[in-house]
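Bear in mind that the values in this text are calculations on the coordinates, not laboratory data. Keep in mind that this is a model prediction, so the values were computed, not measured. Glycine gets a Cβ as well: all are built from the backbone with ideal geometry, and neighbour counts include every protein chain shown.
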Amino acid sequence: MSDAAWPAPPQGSCTLPASVEAEVAILGAGIHGAALARELTLRGVTCALVDKGEVGGGTSQWSSQLLHGGIRYMLTGDIRQMREGLAERATWARIAPRRCRWEAFWMPHRYWAEGLAHRVGIGLYDHWGAERPGWPAGLSLGHVPKEAFLADPRGVLGPFRGATAYADLMTWDRELTRDLAASSEAMLLDFHEPEGFEQGDGGLKLLHLRDRRDGSARQLRARRWVFALGPWTDGAMAQWFGETRKRLRLSSGIHLWFDAVPGCERPWAIRRPKGRILFVVPRDGLLQVGTTEREVEDGWVPILEAEREELFGALEANLPSLPWREMLVWAEELGVRPLVAATGATTHLSREAVLERHARIPNLTLVLGGKLTTARALMDRLATDLTGLRCEASTTAPLRLWDGQAAEIR
Ligand SMILES: Cc1cc2nc3c(=O)[nH]c(=O)nc-3n(C[C@H](O)[C@H](O)[C@H](O)COP(=O)(O)OP(=O)(O)OC[C@H]3O[C@@H](n4cnc5c(N)ncnc54)[C@H](O)[C@@H]3O)c2cc1C
């Protein structure tokens, strides 16, 4: 783990006492850690949420920001994962309406038979995902009329003859993660560096922490421990417990944010070789384009020129009517996907998550892999497992909006 890569903490100091205690300690405040904190709070169980950086400051702020069934699973045949994602999409639209926006994504086709195949596949996707709370009546699905297609600058000069529209849900990933944390009563220990554990017969007992803001020491005691460290999991297990087994494979993906292009109103999802999708999405006054896939070794890695080139190449091949290399790039971002280890190319690795009960440390569970979309459902399952309590409110209780009061006891 390269320490230099971690963003510097803000000024100020934490108001928590030097010694704190909770039923469950969660390490990692990405979407999984934050969702678990909400689940535990809904069950009346105390927890602490620890992060070396800020809430939502890891992979959960660099995703493609879709709460979706995954249209690519229609191509790879992973129908079970797709249907789980579609069901969860409806839950997010109910509990986080202010962080969600329904969209009609256009999938363009090159020739007639491809268009027919898209219409059948997309028909099934939208049929299985028919539960769409808050769907705006103005958005149309299915066949995109020729005049609408040609009115979009992406629809001219390129290899595409038409498009089919399907429904999906866009979000703001970091804000959604922060809202989950704000919807919990967790003690928030952000910008805290874990320095060492004390163990007893039942497993982990105590964690020594250092507040990265002012260097002060803090201790956290808990009965159960959950590590939701995303792509940093293997590095942390090596550093803290000397474990060399690789649980994850890491795959980076980049997004480029271009100046908005007049006339590009709907997001496009373009099929690429190997079951991959090129997203070209107008959002927040810009045009977001992604993504790529490269196997990497750490949660912090720089963008390579080859990754940029891959995106530019895909854009030029598929949408040649726009002068991509002359257009202003406002921002570039790279996120690292934590994928559950297996052999084969990372493009074909499942995005499914695994909850691992640690073999040697009985009160420790590791969250491995996963997606934004299924994080709530997975953490609902984990919280039920940890507490023995089911919670109906998890799928209905609206999220509270994050108010920025990160270091206070909530
Ligand atoms: C390019 C890309 C596109 C994606 N698109 C989508 C999408 O459209 N839809 C979707 O559902 N999913 C998508 N995903 C997947 C999704 O973003 C991730 O699976 C998810 O954000 C992982 O969340 P997490 O909580 O497990 O990890 P993270 O968000 O990385 O959280 C881990 C946290 O642990 C903290 N941490 C790390 N080390 C330590 C330490 N030593 N001590 C304390 N804290 C530590 C980090 O600061 C971080 O906040 C995408 C991922 C990528 C990379």
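Where in the stretch 239-271 is the amide nitrogen less than 20 Å from a point lying 7 Å along the Cα-to-Cβ axis of Glu295?
Backbone N within reach: 244-254.
With label points built 7 Å along Cα→Cβ from the Cα atoms of Lys146 and Asp201, find their separation and express it in nm.
8.0 nm
Once both labels are modelled 7 Å past Cα along the beta-carbon direction, what's the Glu185-Ile303 spacing in nm?
It works out to 4.3 nm between the two label points.
Based on the mean of other Cβ atoms within 10 Å per residue, sort peptides 90-100, 253-263 so the most packed one is first.
Sorting 90-100, 253-263 by mean packing, highest first, produces 90-100, 253-263.
Just round it to a whole percent: the fraction of Cα-Cα distances in the chain exceeding 41 Å.
Tail of P(r) above 41 Å: 16 percent of Cα pairs.
Between Lys274 and Gln11, what is the spin-label point distance in nm, taking each point 7 Å from the Cα along the Cα→C-beta axis?
Distance between the two pseudo-spin positions: 4.7 nm.
Looking only at the chain, where both bridge partners belong to it, what percent of the DSSP beta bridges are antiparallel (to the nearest 5)?
Counting only bridges with both partners in the chain, antiparallel ones make up about 75 percent.
Loop only per DSSP, at most 13 neighbouring Cβ atoms within 10 Å: give me the trypsin sites (Lys or Arg not before Pro) in the stretch 179-248, ordered by residue number.
Answer in residue order: Arg245, Lys246.
Stretch Ala317-Arg210 to full length: gain in nm at 0.36 nm per residue minus the Cα-Cα span?
33.5 nm
Going by how many other Cβ atoms sit within 10 Å of their own, how do Val354, Val144, Val367 line up, fewest first?
Listing Val354, Val144, Val367 from fewest to most nearby Cβ atoms yields Val354, Val144, Val367.
Please tell me the relative contact order of the stretch 201-249 in percent, rounded to the nearest whole number, where contacts are Cα pairs under 8 Å and at least six residues apart.
Worked out over the stretch 201-249, it gives 25 percent.
Please give the Cα centre distance for the stretch 1-45 versus the stretch 203-262, rounded to the nearest Å.
One Cα centre to the other: 10 Å.
If the limit is 24 Å between Cα atoms, which of Lys205/Lys371; Lys246/Lys274; Lys146/Lys371; Lys52/Lys246 go over it?
Table pairs above 24 Å Cα-Cα are Lys205/Lys371; Lys246/Lys274; Lys146/Lys371.
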